[in-house]
Amino acid sequence: MVKRLRAELSRRLGAVSEDAAFEAEVLLETVLGRDLRLREILGTADVSDGDVEKLNRLADRRISGEPLQYIVGEWEFCGLGFSVGEGVLIPRQDTETLVEVSLGLIRDIEKPRVADLCAGSGCVAAAIKTARPDAEVTAVELSPEAFVYLEKNSAKYGVAPILDDVLSPKTAGRFSSLDLITANPPYLSAHDMTEISREVAHEPRMALFGDDDGLDFYRIIPVLWRDSLSDGGYIAFEVGLGQAEDAAGLIQSAGYKDVGIRPDLTGRDRVVFGRK
Ligand SMILES: C[S@@+](CC[C@H](N)C(=O)[O-])C[C@H]1O[C@@H](n2cnc3c(N)ncnc32)[C@H](O)[C@@H]1O
């Protein structure tokens, strides 16, 4: 029965997915349990009519273009589980580079004070806090819809969530003596927004669209948040494709030293950082 369901789901999901077999497995495990493969081997994997109905409903949502991650309600980032759904950006593997670079920048600082701006699900903040339990990590997010997920994930991983606008001087003024500011801000340009896929279009526009050239957050944050950093404190951003040089120039013009660019696992420039 499970085999037949798996084949049928894969066939249906093939209409929207390049990896239908993987997606079928994820939906099967969502409804029938994570230990499904083991129970199949033991011959104890039962499927009720209700399970089949549920699976068909989830498959219909997926076929209508809803991202798999929203349907499942949870996604993995840096090996940690995050609650996700409508209204929050799905954590991307590319963003793990921001975590890796950030952890390197604060390696020699004891009890570092960290603020993650534009926090979304809180994946960056939580990954830093998990790797550095001695750190004091605050996550700032403006969208009330995303904040629901940020609060839930922050409680799980020991991060302090704040609902506020990172482009407001008042918000920056709430912070002082930070050792590190991280941000994966909205950075798609007006042109990029015309080319996003059906799945990405399901994610909040506020999480994606930067401004006409996608660079506003890199223009504003280094200047606005400079006084919130301790002397020698770091700022590290994720950047979009082709934005690294421009973002590095903006950080440099805001008076930061030791400005650097790091590639992600695919070799694309993905993170830009500087030191006050
Ligand atoms: C690209 S998403 C990144 C989310 C998360 N850091 C991640 O890497 O998955 C950008 C986030 O910035 C938030 N955002 C947009 N404008 C903001 C602002 N002015 N102040 C605070 N957060 C903002 C969006 O709601 C969204 O959650």
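How many angstrom lie between the Cα centre of the stretch 231-266 and the Cα centre of the stretch 11-85? Computed from Cα coordinates, the inter-centre distance equals 38 Å. Alpha-carbon geometry of the chain: the Rg and the Dmax are 20.6, 65 Å, given in that order.
Number of Lys-Lys pairs in the chain with C-alpha atoms under 30 Å apart and a separation of 8 or more places or on different chains: 19. In sequence order, the stretch 58-64 has phi-based couplings of 5, 5, 4, 4, 5, 5, 7 Hz under the Karplus curve 6.51 cos²θ - 1.76 cosθ + 1.60, θ = phi - 60°, and Gly or Pro positions carry x. Computed from phi, the 3J(HN,Hα) profile of the stretch 97-114 under the Karplus parametrisation 6.51, -1.76, 1.60 (θ = phi - 60°) reads 5, 4, 5, 4, 5, 4, 5, x, 5, 9, 3, 9, 9, 7, 6, x, 9, 10 Hz, with x in place of Gly and Pro.
Taking amide H atoms as placed 1.01 Å from N in the peptide plane, the amide H of Asp116 lies under 5 Å from those of Thr138, Ala139, Val140, Thr182, each 5 or more residues away in sequence or on another chain.
The Rg/Rh ratio for the stretch 86-240 is 0.95, where Rg is the radius of gyration of the alpha carbons and Rh is the Kirkwood radius. Loop exposure criterion: GluC sites (Glu not before Pro), DSSP state outside H, G, I, E and B, at most 10 other Cβ atoms within 10 Å. Applied to the chain, the longest stretch between such sites is 19-109.
Looking at the chain, the accessible area is 48 square angstrom per residue; that uses a 1.4 Å probe and ignores ligands, DNA and RNA. The apolar share of the surface of the stretch 164-276, taken as the fraction of accessible area on carbon and sulfur atoms (1.4 Å probe, ligands and nucleic acids excluded), comes to 49 percent.
With θ taken as phi - 60° and the Karplus curve 6.51 cos²θ - 1.76 cosθ + 1.60 applied, the whole-hertz 3J(HN,Hα) list for the stretch 264-269 is 8, 5, 8, x, 8, 4 Hz, x standing for glycine and proline. Backbone amide hydrogens, once placed in the peptide plane, bring Val239 within less than 5 Å of Val271, Val272, excluding anything fewer than 5 places away on its chain.
Report in % the part of the accessible area of the stretch 2-64 that belongs to carbon and sulfur, leaving out ligands and nucleic acids; probe 1.4 Å. It is 51 percent, rounded to a whole number.
The values are calculated or read from the model by the stated rules, or taken from the named source; none is laboratory data. The shown structure was predicted, so the numbers you read here are calculated from the model rather than taken from an experiment. Positions of Cβ are generated from backbone atoms using ideal geometry, with glycine treated the same way; all protein chains shown enter the neighbour counts. Ligands, DNA and RNA are stripped out before the accessible areas are found, and what is left, the full protein with its side chains, is counted by its heavy atoms. Shrake-Rupley method; radii C 1.70, N 1.55, O 1.52, S 1.80 Å.
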